[in-house]
Amino acid sequence: MRYIVTGADGKLAGRVAELMLKEVSGDQLTFTCYKMNRVPKDKLKRWQDAGVRVVEADYNDKASILKAFEGGDRLYLISGLDVGKRVQQHRDAIDAAIADGVKHITYTSFVGATEPAYQHIFVTPDHTATERYLESTGIDYSALRNNLYMETFMTMRAMLAFMSNNRWVTTAGEGKATLVYKDDCAKAGAASLLGKGTRKVYNIVGSESITIRQIAEMISKRSGQKLEYIPATREQYYDYLKALNIPHDMSGDFSKSPAPFSANDVVDNDKSIADGLLDVKSNDIEELTGDKPKTPEEVIGEFDYIWKNHITSWRDMK
């Protein structure tokens, strides 16, 4: 059996890769990377010494993914980053997997992907189209519908607030969400890749409903710096993000942006919290992994370095 993890040079898939190395021998693994030089040299050597086949593969290069997926049986397909453009990328990757004889695909999707109430959210349509394409091909698959990551709010959103005179502006209002810890997403991804679970759709969400105001209060207490939580209109939030050099959409100039996401993405995601769309309840992580998801209180200590080291760019985050 050969297992393929795409995007192993990234944060989430990189975690899946490490978990897989603990479960199976390296000679059963293929890790694909968008750019090999993004992988620390010591990590790359460790992977290769363990027998892992590590290859570069770009979703925009059909030949590279067709070559990368050769000999694979089960595939962890991390969703691309180019919102609005990644549907074709995903289709090409799925087609390559099928052509190479892959029997099962685990795809990282988003909560509510095929539900009409979620279609207005910036990131949703790409996941909807990908899930529908997977279904149309007839290949066995599992769509892991991840909620928003807990880390995003404890790192980048907190960072933006500290950079804005301790003002945490958001369209999330007093809505609640079951934010999910990225390590728990990775554990669920590795479990699915290994063949655990029998359903096509899993809601990968946290175990605690929490408001963003509560997150801000937790960080205020932890950091000793009082953050002012400011519920805002969409227009006010766009202005706040523009002042921080965050582009309106993914086609903008990110050279001065402290974060890798667009304003459209942030505003929509936070507003979906206010609307109650991300307060999704599920035991699917525990079903796949045997463990309950971590709560914000259990993991907040991992992010102390953000305020202690005065981090002002996502590039400096761990």
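The values are calculated or read from the model by the stated rules, or taken from the named source; none is laboratory data. Keep in mind it's a predicted model, so treat the numbers as computed, not measured. Positions of Cβ are backbone-derived with ideal geometry, glycine not excepted, and every protein chain shown enters the neighbour counts. Surface accessibility is based on the protein's heavy atoms, side chains included, excluding ligands, DNA and RNA. Shrake-Rupley method; radii C 1.70, N 1.55, O 1.52, S 1.80 Å.
At-a-glance table
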item: Pair-distance profile P(r), taking every C-alpha pair of region 233-318, with 10 angstrom steps and integer %; result: 14, 29, 37, 18, 1
item: Principal-axis tilt of helix 86-99 within the chain, Cα atoms, nearest 10 degrees; result: 20
item: Quotient of Cα Rg and 2.2 N^0.38 Å for the chain, N being how many residues it contains; result: 0.98
item: Normalised per residue, the volume of the convex hull around the Cα set of region 48-133 (Å³); result: 100
item: Loop-located GluC sites (Glu not before Pro) in region 136-214, at most 14 other Cβ atoms within 10 Å (DSSP); result: Glu174
item: Length-normalised contact order of the chain in % [C-alpha pairs under 8 Å, at least 6 apart]; result: 17
item: Virtual paramagnetic centre 7 Å along Cα→Cβ of Glu115, amide N under 20 Å, in region 163-203; result: 172-181, 185, 199-203
item: Within straight-line cross-link reach of Lys226, lysines at Cα separation under 29 Å, skipping those fewer than 8 residues along the same chain; result: Lys176, Lys182, Lys242, Lys256, Lys271, Lys294, Lys308, Lys318
item: Where a label projected 7 Å from the Cα of Lys11 along Cα→Cβ would reach, residues of region 130-168 with amide N under 17 Å; result: 146-163
item: For region 260-274 and region 1-61, distance of Cα centres in Å; result: 30
item: Rounded accessible area of Arg38 (nearest 10 Å², 1.4 Å probe); result: 120
item: Translational diffusion coefficient (Stokes-Einstein; Kirkwood radius from C-alpha pairs) of region 156-287 at 25 °C, 0.890 mPa s, in µm²/s; result: 151
item: Using θ = phi - 60° and Karplus 6.51 cos²θ - 1.76 cosθ + 1.60, couplings along region 177-182 (whole Hz; Gly, Pro as x); result: 8, 8, 4, 10, 6, 4
item: Cα-based reach from Lys67 at 28 Å (exclusive), listing lysines while leaving out same-chain residues under 8 positions away; result: Lys11, Lys22, Lys35, Lys41, Lys43, Lys45, Lys85, Lys103, Lys187, Lys196, Lys200
item: Percent of C-alpha pairs per 5 Å bin, region 3-146, short to long; result: 2, 10, 21, 23, 20, 13, 7, 3, 1, 0
item: Distance between modelled label sites at Glu174 and Ala243, nm, 7 Å Cα→Cβ extension; result: 2.5
item: Interchain or long-range residues, amide H under 5 Å from Val169's placed H; result: Ile230
item: Degrees, to the nearest 10: 263-274 long Cα axis against longest axis of the chain; result: 80
item: Accessible area in square angstrom per residue, the chain, 1.4 angstrom probe; result: 44
item: Sparse-neighbour loop sites [trypsin sites (Lys or Arg not before Pro); region 118-208; at most 11 other C-beta within 10 Å; DSSP]; result: Arg199
item: Mean separation of Cα contacts under 8 Å, 6 or more apart, over the residue count of region 3-146: relative contact order %; result: 20
